[in-house]
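Quick notes on the structure that follows.
The values are calculated or read from the model by the stated rules, or taken from the named source; none is laboratory data. All of these numbers come straight from a predicted model, not from anything done at the bench. A quick note on method: Cβ atoms are made from the backbone with ideal geometry, for glycine too, and the neighbour counts reach across all protein chains shown.
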Amino acid sequence: MIGLYVILALGLNVTLGFVGLFDLGYMAFYAIGAYSAAILSIAGWNFWFSTLAAILISIIFRLLLGAPVLRLRGDYLAIVTLGFGEIIRLVLNNTDSLTNGPKGLPRVGEALTPLLFFNFEFSENIHFYYLILAVVFLAVIVSKRLENSRIGRAWTAVREDEIAAELSGIPVTRVKMLAFATSALFAAIAGSIFVHWERFITPESFTFWESVLVVSMIVLGGIGSISGVILGAVLISGIPQILQVVLGGDLISYRYLIFGIALVVIIIFRPQGLIPSKRQELELEVEQFSSTV
(Lines give C-alpha, C1' and ligand atoms only; values in the text may rest on other atoms or scores of the structure.)
Protein backbone atom coordinates (compact mmCIF):
# COMPACT_ATOMS: atom_id res chain seq x y z
CA MET A 1 0.00 0.00 0.00
CA ILE A 2 2.92 2.38 0.54
CA GLY A 3 3.57 2.60 -3.21
CA LEU A 4 -0.09 3.33 -3.94
CA TYR A 5 -0.08 6.12 -1.36
CA VAL A 6 3.03 7.57 -3.02
CA ILE A 7 1.18 7.65 -6.37
CA LEU A 8 -1.88 9.25 -4.75
CA ALA A 9 0.22 11.83 -2.90
CA LEU A 10 2.10 12.77 -6.08
CA GLY A 11 -1.23 13.21 -7.85
CA LEU A 12 -2.70 15.42 -5.15
CA ASN A 13 0.56 17.37 -5.00
CA VAL A 14 -0.19 18.62 -8.52
CA THR A 15 -3.31 20.47 -7.36
CA LEU A 16 -2.34 21.21 -3.74
CA GLY A 17 1.40 21.72 -4.12
CA PHE A 18 1.91 23.07 -7.63
CA VAL A 19 -1.32 25.08 -8.04
CA GLY A 20 -2.33 25.68 -4.41
CA LEU A 21 -5.86 24.26 -4.69
CA PHE A 22 -6.94 22.73 -1.37
CA ASP A 23 -8.75 19.50 -2.27
CA LEU A 24 -10.36 17.33 0.42
CA GLY A 25 -12.29 15.11 -1.99
CA TYR A 26 -9.37 13.56 -3.83
CA MET A 27 -10.24 10.00 -2.79
CA ALA A 28 -13.44 10.30 -4.82
CA PHE A 29 -11.39 10.05 -8.02
CA TYR A 30 -9.41 7.15 -6.60
CA ALA A 31 -12.78 5.47 -5.96
CA ILE A 32 -14.12 6.33 -9.43
CA GLY A 33 -10.99 4.86 -11.01
CA ALA A 34 -11.15 1.71 -8.87
CA TYR A 35 -14.87 1.07 -9.40
CA SER A 36 -14.71 1.84 -13.14
CA ALA A 37 -11.82 -0.61 -13.55
CA ALA A 38 -13.62 -3.23 -11.43
CA ILE A 39 -16.90 -3.01 -13.35
CA LEU A 40 -15.15 -3.21 -16.72
CA SER A 41 -12.86 -6.02 -15.56
CA ILE A 42 -15.86 -8.05 -14.39
CA ALA A 43 -17.37 -7.44 -17.84
CA GLY A 44 -14.30 -9.08 -19.40
CA TRP A 45 -12.04 -6.11 -20.20
CA ASN A 46 -8.34 -6.70 -19.60
CA PHE A 47 -6.37 -4.63 -17.09
CA TRP A 48 -4.83 -2.27 -19.63
CA PHE A 49 -8.06 -1.28 -21.40
CA SER A 50 -10.06 -1.09 -18.16
CA THR A 51 -7.35 1.18 -16.69
CA LEU A 52 -7.40 3.48 -19.74
CA ALA A 53 -11.20 3.69 -19.50
CA ALA A 54 -10.98 4.31 -15.73
CA ILE A 55 -8.53 7.17 -16.36
CA LEU A 56 -10.89 8.73 -18.91
CA ILE A 57 -13.94 8.40 -16.63
CA SER A 58 -12.05 9.80 -13.63
CA ILE A 59 -10.79 12.78 -15.66
CA ILE A 60 -14.32 13.51 -16.95
CA PHE A 61 -15.70 13.57 -13.40
CA ARG A 62 -12.75 15.68 -12.25
CA LEU A 63 -13.39 18.26 -14.97
CA LEU A 64 -17.13 18.25 -14.26
CA LEU A 65 -16.32 19.14 -10.65
CA GLY A 66 -13.57 21.56 -11.63
CA ALA A 67 -15.60 23.67 -14.05
CA PRO A 68 -18.04 25.17 -11.49
CA VAL A 69 -15.49 25.64 -8.68
CA LEU A 70 -12.62 27.26 -10.56
CA ARG A 71 -13.18 30.62 -8.87
CA LEU A 72 -13.11 29.12 -5.39
CA ARG A 73 -9.98 28.94 -3.25
CA GLY A 74 -8.98 28.03 0.29
CA ASP A 75 -11.71 26.95 2.70
CA TYR A 76 -14.52 27.32 0.14
CA LEU A 77 -12.83 24.97 -2.32
CA ALA A 78 -12.05 22.51 0.49
CA ILE A 79 -15.72 22.43 1.55
CA VAL A 80 -16.99 21.87 -2.01
CA THR A 81 -14.48 19.09 -2.75
CA LEU A 82 -15.21 17.48 0.62
CA GLY A 83 -18.92 17.49 -0.26
CA PHE A 84 -18.22 15.94 -3.67
CA GLY A 85 -16.12 13.19 -2.09
CA GLU A 86 -18.91 12.30 0.33
CA ILE A 87 -21.50 12.34 -2.48
CA ILE A 88 -19.44 9.82 -4.47
CA ARG A 89 -19.10 7.56 -1.42
CA LEU A 90 -22.86 7.71 -0.78
CA VAL A 91 -23.59 6.95 -4.44
CA LEU A 92 -21.28 3.92 -4.29
CA ASN A 93 -23.05 2.77 -1.12
CA ASN A 94 -26.55 3.11 -2.58
CA THR A 95 -26.35 2.03 -6.23
CA ASP A 96 -26.71 -1.70 -5.64
CA SER A 97 -27.39 -2.50 -9.29
CA LEU A 98 -24.03 -1.08 -10.40
CA THR A 99 -21.67 -1.14 -7.40
CA ASN A 100 -23.38 -3.75 -5.19
CA GLY A 101 -23.59 -1.10 -2.46
CA PRO A 102 -21.76 -1.72 0.83
CA LYS A 103 -21.21 -5.38 -0.10
CA GLY A 104 -18.64 -4.31 -2.67
CA LEU A 105 -17.37 -5.78 -5.92
CA PRO A 106 -17.10 -8.35 -7.34
CA ARG A 107 -20.41 -9.97 -6.41
CA VAL A 108 -20.65 -13.64 -5.47
CA GLY A 109 -20.06 -15.72 -8.60
CA GLU A 110 -18.23 -12.89 -10.39
CA ALA A 111 -14.50 -12.40 -10.81
CA LEU A 112 -12.11 -9.76 -12.09
CA THR A 113 -10.16 -10.46 -15.26
CA PRO A 114 -6.60 -11.54 -14.34
CA LEU A 115 -3.88 -8.94 -14.84
CA LEU A 116 -1.75 -10.17 -17.73
CA PHE A 117 1.36 -8.73 -19.35
CA PHE A 118 1.64 -10.69 -22.60
CA ASN A 119 1.39 -14.24 -21.17
CA PHE A 120 2.65 -13.40 -17.68
CA GLU A 121 -0.05 -13.26 -14.98
CA PHE A 122 0.30 -10.97 -11.95
CA SER A 123 -1.03 -13.34 -9.32
CA GLU A 124 1.20 -12.81 -6.28
CA ASN A 125 2.03 -9.87 -4.04
CA ILE A 126 5.63 -9.73 -5.28
CA HIS A 127 4.37 -9.28 -8.85
CA PHE A 128 2.27 -6.29 -7.81
CA TYR A 129 5.19 -4.95 -5.78
CA TYR A 130 7.29 -4.64 -8.94
CA LEU A 131 4.35 -3.25 -10.93
CA ILE A 132 3.67 -0.56 -8.31
CA LEU A 133 7.39 0.21 -8.08
CA ALA A 134 7.50 0.76 -11.85
CA VAL A 135 4.42 3.01 -11.74
CA VAL A 136 5.89 5.02 -8.84
CA PHE A 137 9.08 5.50 -10.87
CA LEU A 138 7.06 6.75 -13.87
CA ALA A 139 4.91 8.98 -11.62
CA VAL A 140 8.04 10.62 -10.18
CA ILE A 141 9.48 11.22 -13.66
CA VAL A 142 6.19 12.72 -14.90
CA SER A 143 5.93 14.93 -11.78
CA LYS A 144 9.51 16.18 -12.26
CA ARG A 145 8.94 16.90 -15.94
CA LEU A 146 5.70 18.73 -15.19
CA GLU A 147 7.30 20.78 -12.40
CA ASN A 148 10.09 22.01 -14.68
CA SER A 149 7.94 22.48 -17.76
CA ARG A 150 6.16 25.55 -19.07
CA ILE A 151 2.87 24.36 -17.59
CA GLY A 152 4.63 23.79 -14.24
CA ARG A 153 5.82 27.39 -14.20
CA ALA A 154 2.28 28.49 -15.06
CA TRP A 155 0.94 26.46 -12.13
CA THR A 156 3.46 28.14 -9.82
CA ALA A 157 2.44 31.58 -11.10
CA VAL A 158 -1.24 30.81 -10.46
CA ARG A 159 -0.43 29.55 -6.97
CA GLU A 160 1.57 32.65 -6.06
CA ASP A 161 -0.82 35.27 -7.49
CA GLU A 162 -3.77 34.28 -9.65
CA ILE A 163 -4.64 37.83 -10.70
CA ALA A 164 -1.06 38.65 -11.70
CA ALA A 165 -0.84 35.36 -13.61
CA GLU A 166 -4.01 36.18 -15.54
CA LEU A 167 -2.78 39.70 -16.33
CA SER A 168 0.50 38.26 -17.63
CA GLY A 169 -1.40 36.21 -20.21
CA ILE A 170 -1.60 32.82 -18.50
CA PRO A 171 -4.94 31.07 -19.28
CA VAL A 172 -5.76 30.45 -15.61
CA THR A 173 -8.92 28.42 -16.26
CA ARG A 174 -7.19 26.07 -18.69
CA VAL A 175 -4.17 25.72 -16.41
CA LYS A 176 -6.33 24.76 -13.42
CA MET A 177 -8.36 22.29 -15.47
CA LEU A 178 -5.15 20.64 -16.65
CA ALA A 179 -4.02 20.30 -13.03
CA PHE A 180 -7.37 18.70 -12.11
CA ALA A 181 -7.09 16.26 -15.04
CA THR A 182 -3.49 15.33 -14.19
CA SER A 183 -4.30 14.59 -10.56
CA ALA A 184 -7.29 12.46 -11.64
CA LEU A 185 -5.01 10.45 -13.94
CA PHE A 186 -2.73 9.54 -11.01
CA ALA A 187 -5.72 8.64 -8.82
CA ALA A 188 -7.35 6.44 -11.47
CA ILE A 189 -4.16 4.47 -12.13
CA ALA A 190 -3.71 3.87 -8.39
CA GLY A 191 -7.39 2.84 -8.10
CA SER A 192 -7.16 0.34 -10.95
CA ILE A 193 -4.00 -1.27 -9.55
CA PHE A 194 -5.59 -1.38 -6.09
CA VAL A 195 -8.69 -3.26 -7.21
CA HIS A 196 -6.76 -5.74 -9.36
CA TRP A 197 -4.38 -6.37 -6.47
CA GLU A 198 -6.97 -6.72 -3.70
CA ARG A 199 -9.52 -8.41 -6.02
CA PHE A 200 -12.29 -6.81 -3.94
CA ILE A 201 -13.40 -3.28 -3.03
CA THR A 202 -16.07 -1.60 -0.90
CA PRO A 203 -16.95 2.10 -0.44
CA GLU A 204 -15.27 1.99 2.98
CA SER A 205 -11.88 1.96 1.25
CA PHE A 206 -12.49 5.53 0.06
CA THR A 207 -13.56 7.57 3.08
CA PHE A 208 -12.93 11.23 3.88
CA TRP A 209 -10.21 10.20 6.32
CA GLU A 210 -8.23 8.66 3.47
CA SER A 211 -8.24 12.08 1.78
CA VAL A 212 -7.02 13.67 5.02
CA LEU A 213 -4.28 11.04 5.19
CA VAL A 214 -3.01 11.90 1.70
CA VAL A 215 -3.13 15.65 2.48
CA SER A 216 -1.13 14.95 5.67
CA MET A 217 1.52 13.15 3.61
CA ILE A 218 2.02 16.26 1.48
CA VAL A 219 2.03 18.66 4.44
CA LEU A 220 4.47 16.49 6.41
CA GLY A 221 6.87 15.99 3.51
CA GLY A 222 6.69 19.52 2.15
CA ILE A 223 3.98 21.05 -0.03
CA GLY A 224 5.12 21.17 -3.64
CA SER A 225 8.26 19.12 -2.98
CA ILE A 226 8.28 15.84 -4.91
CA SER A 227 10.94 14.18 -2.74
CA GLY A 228 9.18 15.52 0.37
CA VAL A 229 5.83 14.12 -0.75
CA ILE A 230 7.40 10.69 -1.33
CA LEU A 231 8.99 10.76 2.15
CA GLY A 232 5.72 11.90 3.73
CA ALA A 233 3.80 9.08 2.03
CA VAL A 234 6.34 6.47 3.11
CA LEU A 235 6.36 7.70 6.72
CA ILE A 236 2.61 8.13 7.19
CA SER A 237 1.62 4.88 5.49
CA GLY A 238 4.54 2.84 6.83
CA ILE A 239 5.14 3.97 10.43
CA PRO A 240 1.76 2.78 11.87
CA GLN A 241 2.52 -0.73 10.57
CA ILE A 242 6.04 -0.58 12.03
CA LEU A 243 4.65 0.61 15.38
CA GLN A 244 2.15 -2.25 15.31
CA VAL A 245 5.00 -4.75 15.04
CA VAL A 246 7.28 -2.97 17.54
CA LEU A 247 4.69 -2.22 20.24
CA GLY A 248 2.77 -5.48 20.13
CA GLY A 249 0.29 -6.64 22.76
CA ASP A 250 -2.05 -4.10 24.33
CA LEU A 251 0.01 -1.15 23.09
CA ILE A 252 -1.05 -1.75 19.48
CA SER A 253 -4.23 0.30 20.03
CA TYR A 254 -2.06 3.34 20.88
CA ARG A 255 0.01 3.30 17.69
CA TYR A 256 -2.09 5.96 15.95
CA LEU A 257 -2.01 8.17 19.06
CA ILE A 258 1.79 7.96 19.21
CA PHE A 259 2.07 8.60 15.49
CA GLY A 260 -0.38 11.52 15.68
CA ILE A 261 1.59 13.21 18.48
CA ALA A 262 4.82 12.77 16.52
CA LEU A 263 3.18 14.27 13.43
CA VAL A 264 1.93 17.33 15.36
CA VAL A 265 5.38 17.90 16.89
CA ILE A 266 7.07 17.74 13.48
CA ILE A 267 4.58 20.18 11.93
CA ILE A 268 4.99 22.64 14.85
CA PHE A 269 8.79 22.67 14.75
CA ARG A 270 9.17 22.31 10.98
CA PRO A 271 6.07 23.87 9.34
CA GLN A 272 7.68 23.90 5.88
CA GLY A 273 7.81 20.08 5.92
CA LEU A 274 10.64 17.60 6.18
CA ILE A 275 11.95 18.29 2.67
CA PRO A 276 10.46 21.63 1.57
CA SER A 277 10.58 22.82 -2.02
CA LYS A 278 13.36 25.36 -2.62
CA ARG A 279 10.87 28.15 -3.33
CA GLN A 280 8.85 27.59 -0.16
CA GLU A 281 11.99 27.27 1.97
CA LEU A 282 13.19 30.62 0.62
CA GLU A 283 9.77 32.22 1.26
CA LEU A 284 9.81 30.97 4.87
CA GLU A 285 13.32 32.38 5.42
CA VAL A 286 12.21 35.76 4.04
CA GLU A 287 9.14 35.77 6.34
CA GLN A 288 11.28 34.90 9.37
CA PHE A 289 13.80 37.61 8.45
CA SER A 290 11.01 40.21 8.03
CA SER A 291 9.46 39.32 11.39
CA THR A 292 12.89 39.68 13.10
CA VAL A 293 13.50 43.05 11.49
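The one condition from (1) at pLDDT 90 or above; (2) more than 20 Å from F18 (Cβ to Cβ); (3) of a type in the set (A, V, I, L, M, F, W, C); (4) surrounded by fewer than 23 Cβ atoms within 10 Å (Cβ to Cβ) that L178 does not meet is (2).
Taken together, S183, S211, S205, S216 contain a single residue that is in a helix (DSSP H, G or I), modelled with pLDDT under 95, touching a Ser or Thr at 6+ places or on another chain (Cβ under 9 Å) and among the hydroxyl-bearing types (S, T, Y), which is S211. Filter segment 112-124 down to residues that are out of contact with any Phe, Trp or Tyr (no Cβ under 8 Å at 6 or more places or on another chain) and within 14 Å of F194 (Cα to Cα) and give me whichever is surrounded by the most Cβ atoms within 10 Å (Cβ to Cβ). Here the residue is L112. Could you go through segment 199-213 and let me know if any residue there is under 15 Å from L4 (Cβ atoms), of a type in the set (G, A, S) and touching a residue at least 24 places away in the same chain (Cβ under 8 Å). Yes - at least one qualifying residue is present in segment 199-213.
Of all residues in segment 215-223, none are touching a Gly at 6+ places or on another chain (Cβ under 8 Å) and farther than 26 Å from L274 by Cβ. Tell me, please, whether a residue that is surrounded by fewer than 23 Cβ atoms within 10 Å (Cβ to Cβ) and at pLDDT 90 or above can be found in segment 30-38. No, that holds for no residue. Figure legend. Inter-residue proximity from segment 8-35: first residues polar (S, T, N, Q), second residues outside any helix (DSSP H, G or I), beta-carbon distance below 8 Å, spacing 6+ or different chains. Indicated pairs: N13/I223; N13/G224; T15/L21; T15/D23; T15/Y26.
For segment 115-152, the set of residues classified as without any contact (Cβ under 8 Å) to a residue 40 or more places away in the chain, part of a loop (DSSP other than H, G, I, E, B) and either within 19 Å of the chain's Cα centre (by Cα) or on the phi < 0 side of the Ramachandran plot (or both) consists of N119, S123, E124, N148, S149, listed by residue number. When residues in segment 234-293 are screened for being polar (S, T, N, Q), modelled with pLDDT of 80 or more and not in a helix (DSSP H, G or I), 1 of them pass.
Summed over segment 188-222, residues that are within 9 Å of A34 (Cα to Cα) and of a type in the set (A, V, I, L, M) total 6.
For the condition aliphatic (A, V, I, L, M), loosely packed, with under 12 Cβ neighbours inside 10 Å and at pLDDT 90 or above, A134 qualifies. How many residues does segment 164-184 hold that are out of contact with any Phe, Trp or Tyr (no Cβ under 9 Å at 6 or more places or on another chain) and either among the aliphatic types (A, V, I, L, M) or on the phi > 0 side of the Ramachandran plot (or both)? Total satisfying the criteria: 8.
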